[in-house]
Amino acid sequence: MTFWPLLLIALGVSADAFAVALTKGLHMRRFNVRHALVIAGTFGLFQAVMPLIGWVLGTQFARYITEVDHWVAFGLLALVGGKMLWEAFSSHEDTEVDSDRIDIRRLLVLALATSIDALAIGITLAFLPGSIIEAVVLIGLTTFVLAFLGVFIGRRVGERFGKPAEIAGGVILILIGTKILIDHLTAG
């Protein structure tokens, strides 16, 4: 897989981490660089490790499903993208209290929850050409940067960018899945 589609995937799976980081920034009484780095680092690490786990799982089953791998890739990307769109358009109750403290346990749960889609992406990457190391590094770094920006923007601007980020991420993933499917069907 070339750099640009991989970057779009990284942006897509990072969108939910960006949205959550935005709300974390929204609930800070004042911007704290150290807290923003902890939040961004946690999201970036989880988003990098989960595709690697997915890739390992995918490569174990690749020989059994090579005839339908393009459908698997399309299905997983469409499912993750659709989930992101569903979450963006469903109503969420904001119950978080403003604080200058980081609840590490809650942060870890949020990082895990937002990285489940990256696990599915990793399974998809097992069926595509390219380096998993490049993918993992790019996804982790992209998530780190977007999460840091999310905290900063959330503190400065508010929550109006969270929903558009989730929508854009969902649409990007669905379009990439569709492209993989079309490329495979037209090549065969």
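The values are calculated or read from the model by the stated rules, or taken from the named source; none is laboratory data. These figures come from a predicted structure and were not determined experimentally. Virtual Cβ from ideal backbone geometry, glycine too; neighbours counted across all protein chains shown. SASA here: full protein model, heavy atoms, side chains in, ligands and nucleic acids out. Shrake-Rupley method; radii C 1.70, N 1.55, O 1.52, S 1.80 Å.
May I ask you to derive the FRET efficiency for THR2 and VAL171 from their Cβ-Cβ distance with R0 = 22 Å, giving the value to the nearest 0.05? Show your work: numbers first, answer last.
On the way: r = 20 Å, r/R0 = 0.91.
The calculated FRET efficiency here is 0.65.
When the helix-only estimate is applied to the chain (DSSP H runs of n ≥ 4, each -39,500 (n - 2.57), divided by the residue count), what is the mean residue ellipticity at 222 nm, nearest 500 deg cm²/dmol?
On the way: 6 runs with 151 residues, N = 188.
The helix contribution divided over the chain gives -28500 deg cm²/dmol.
From the backbone phi of segment 2-13, what are the Karplus-calculated ³J(HN,Hα) couplings (6.51 cos²θ - 1.76 cosθ + 1.60, θ = phi - 60°) in whole Hz, Gly and Pro given as x?
7, 4, 5, x, 5, 5, 5, 4, 4, 5, x, 6
Restricting everything to alpha-carbon atoms, can you work out Rg to Rh for segment 1-82 with a Kirkwood hydrodynamic radius? All intermediate terms of the calculation are to be shown ahead of the outcome.
Numbers: Rg = 16.4 Å, Rh = 15.0 Å.
Dividing the radius of gyration by the Kirkwood radius yields 1.09.
Given a 10 angstrom Cα cut-off, can you work out which residue in GLY169, GLY82, GLY130 is the most mobile in a GNM of the chain?
Most flexible of the set in this elastic network: GLY130.
May I ask you to evaluate 6.51 cos²θ - 1.76 cosθ + 1.60, the Karplus curve with θ = phi - 60°, for each residue of segment 138-153 and list the ³J(HN,Hα) values in order in whole Hz, giving x for glycine and proline?
5, 5, x, 5, 4, 5, 4, 5, 5, 5, 4, 4, x, 4, 4, 5
Per residue, how many Å² of accessible area does segment 20-71 show with a 1.4 Å probe? Kindly include the intermediate steps, with their values, before the conclusion.
Working: 2760 Å² over 52 residues.
Computed with neighbouring chains in place, this is 53 Å² per residue.
Given a 10 angstrom Cα cut-off, can you work out which residue in VAL68, VAL151, VAL38 is the most mobile in a GNM of the chain?
Answer for the Gaussian network model of the chain: VAL68.
If ligands, DNA and RNA are left out, what is the accessible area of SER90 with a 1.4 Å probe, given in Å² to the nearest 10?
The accessible area comes out at roughly 40 Å².
Sequence gap at least 6, Cα distance under 8 Å: using those rules, report the relative contact order of the chain to the nearest whole percent.
Working: 309 pairs, mean separation 99.3, N = 188.
Answer for the chain is 53 percent.
First compute the accessible area of the chain with a 1.4 Å probe, then give the percent of it belonging to carbon and sulfur atoms.
Working: 6870 of 9900 Å².
On the chain, the fraction of accessible area on carbon and sulfur atoms equals 69 percent.
Restricting things to Cα coordinates, could you compute the convex hull volume per residue of the chain in Å³?
Values: hull volume 19.4 nm³, N = 188.
In the chain, the Cα convex hull volume per residue is 103 Å³.
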